[in-house]
């Protein structure tokens with residue numbers, strides 16, 4: 001979970017700076033990061049608010065960009081079935097890109113689901129608290145880190161750190177390549193729909209590649 | 001409260017509620033059901049496909065407004081590819097960050113001279 005915590009330092013600062021820039025009150029800035037708890041949605045919401053977009057448009061746009069969370073929710077669901085509802089609901093609230101990316105492989109590979117869940121919840125609470133501190137720091141201190149350091153680049157780098165080790169098998173590589181091509185080709189879609197659509201395309205291509213690979217090895221076995 | 005402040009709170013509460021519903025969706029609905037095999041297979045690719053789709057625009061998009069995608073010359077893209085290779089071989093977040101930030105700073109220093 002440490003990489004996730006590192007990623008949220010620059011991201012949280014940016015969100016706080018953003019909230020201050022559009023004239024949100026301190027309380028509204030805290031409410032925004034405590035309730036929404038999603039950097040992408042917070043930045044989108046504040047920027048659309050500053051642009052004077054109507055409420056419905058803002059909510060819809062943030063909903064669409066949040067749809068990727070539904071896929072994380074689906075990937076987590078089979079591992080949470082044995083836990084009491086209150087833990088499931090708490091994990092849903094704490095579900096973020098970083099927490100999901102950092103723990104899903106634990107859920108998939110470890111037989112000890114209790115440990116995986118405590119890792120997720122413990123890490124999630126740390127992330128949530130750290131997020132509040134970082135957005136507050138950004139709000140009150142403004143841009144504390146010089147822009148020339150390009151520290152915001154740490155956000156994609158932390159995702160890349162999680163992505164690299166996943167690219168060991170061919171279907172996974174196919175999924176990543178398909179998602180990469182799709183997200184660029186579909187960049188013109190409104191409301192940043194390209195991200196969710198490209199994700200779905202990548203998932204479909206990965207699954208099909210796995211099925212194709214399986215069929216091929218099964219055919220080879222038959223010849224022996 | 002001013003009208004703007006009320007609107008901002010309305011945004012906070014409704015975006016927060018919408019996000020929570022999305023997060024809850026499958027965890028609340030599917031937790032105790034057995035899923036079809038094809039679906040459980042597909043779910044294994046959620047992380048790799050979504051992270052790719054999320055990261056690439058961050059790397060390609062310039063910070064200037066209006067944001068456009070830039071492939072070349074793009075110091076962030078080169079640094080990200082170096083970081084990806086490091087992440088693949090080391091599996092270490094620390095080294096990935098060091099390599100990626102280091103590469104970006106070097107490239108920025110080299111191009112600004």
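Please determine, by comparing only the residues of segment B:54-82 that are part of a helix (DSSP H, G or I) and touching a strand residue (DSSP E or B) at 6+ places or on another chain (Cβ under 8 Å), which one is modelled with the highest pLDDT.
B:60
Would you mention how many residues in segment A:14-24 are over 17 Å from the mean Cα position of the chain (by Cα) and more than 9 Å from chain B (Cβ to nearest Cβ)?
Qualifying residue count, segment A:14-24: 6.
Run residue B:49 past the list (1) closer than 15 Å to residue A:71 by Cβ; (2) more than 7 Å from every other protein chain (Cβ to nearest Cβ) and report the number of the one that doesn't hold.
(2)
Please determine, by comparing only the residues of segment A:63-74 that are in a helix (DSSP H, G or I) and within 13 Å of the chain's Cα centre (by Cα), which one is farthest from the other protein chains (Cβ to nearest Cβ).
Out of the qualifying residues, it is A:65.
Take segment B:10-37 and flag every residue that is part of a helix (DSSP H, G or I) and within 13 Å of residue A:74 (Cβ to Cβ).
Listed by number, the residues that qualify are B:22, B:23, B:24, B:25, B:26, B:27, B:28, B:29, B:30.
Just give me the residues in segment A:179-212 being at the interface with chain B (Cβ under 8 Å from one of its Cβ atoms) and outside any helix (DSSP H, G or I), in sequence order.
A:187
Of all residues being more than 7 Å from chain B (Cβ to nearest Cβ) and not in a helix (DSSP H, G or I) in segment A:157-173, which is nearest to residue B:97 (Cα to Cα)? Just the residue, please.
Applying the filter and picking the extreme gives A:168.
Determine whether residue B:7 is at the interface with another protein chain (Cβ under 9 Å from one of its Cβ atoms) and assigned to a helix (DSSP H, G or I).
Yes: the conditions hold for residue B:7.
So is residue A:80 farther than 23 Å from residue B:57 by Cα and crowded, with 18+ Cβ neighbours inside 10 Å or not?
yes
Anything in segment A:25-35 that is more than 14 Å from residue A:94 (Cβ to Cβ) and either surrounded by fewer than 18 Cβ atoms within 10 Å (Cβ to Cβ) or more than 8 Å from chain B (Cβ to nearest Cβ) (or both)? List them, or say none.
Listed by number, the residues that qualify are A:25, A:26, A:27, A:29, A:30.
Inside segment A:50-106, can you point out the residues that are at pLDDT 90 or above, closer than 26 Å to residue B:12 by Cα and out of contact with any helix residue (DSSP H, G or I) (no Cβ under 9 Å at 6 or more places or on another chain)?
Result: A:86, single match.
Consider residue B:85 against the criteria (1) surrounded by fewer than 19 Cβ atoms within 10 Å (Cβ to Cβ); (2) over 21 Å from the mean Cα position of the chain (by Cα); (3) at pLDDT 90 or above: it satisfies all of them except one. Which criterion is unmet?
(2)
Mind listing whichever residues of segment A:36-62 are within 7 Å of chain B (Cβ to nearest Cβ), outside any loop (DSSP other than H, G, I, E, B) and buried (at least 18 other Cβ atoms within 10 Å of the Cβ)?
To start, the set of residues in segment A:36-62 that are within 7 Å of chain B (Cβ to nearest Cβ) comprises A:36, A:38, A:41, A:45, A:49, A:55, A:58-59, A:62.
Narrowing further to those that are outside any loop (DSSP other than H, G, I, E, B): A:36, A:41, A:45, A:49, A:55, A:58-59, A:62.
A:36, A:41, A:45, A:49, A:58, A:59, A:62 - these are the residues of segment A:36-62 that are within 7 Å of chain B (Cβ to nearest Cβ), outside any loop (DSSP other than H, G, I, E, B) and buried (at least 18 other Cβ atoms within 10 Å of the Cβ).
For segment A:182-203, give me each residue that is in contact (Cβ under 8 Å) with a residue 12 or more places away in the chain, over 15 Å from residue A:67 (Cα atoms) and surrounded by fewer than 21 Cβ atoms within 10 Å (Cβ to Cβ).
Residue satisfying the conditions is A:186 alone.
For the structure I just gave you, tell me whether residue A:176 is over 14 Å from residue B:42 (Cβ atoms), assigned to a helix (DSSP H, G or I) and in contact with a helix residue (DSSP H, G or I) (Cβ under 6 Å, 6 or more places away or on another chain).
Yes.
The values are calculated or read from the model by the stated rules, or taken from the named source; none is laboratory data. Here the structure is a predicted model, which means the values were calculated and not measured. Note that each Cβ is placed from the backbone with ideal geometry, even for glycine, and that neighbours are counted across all protein chains shown.
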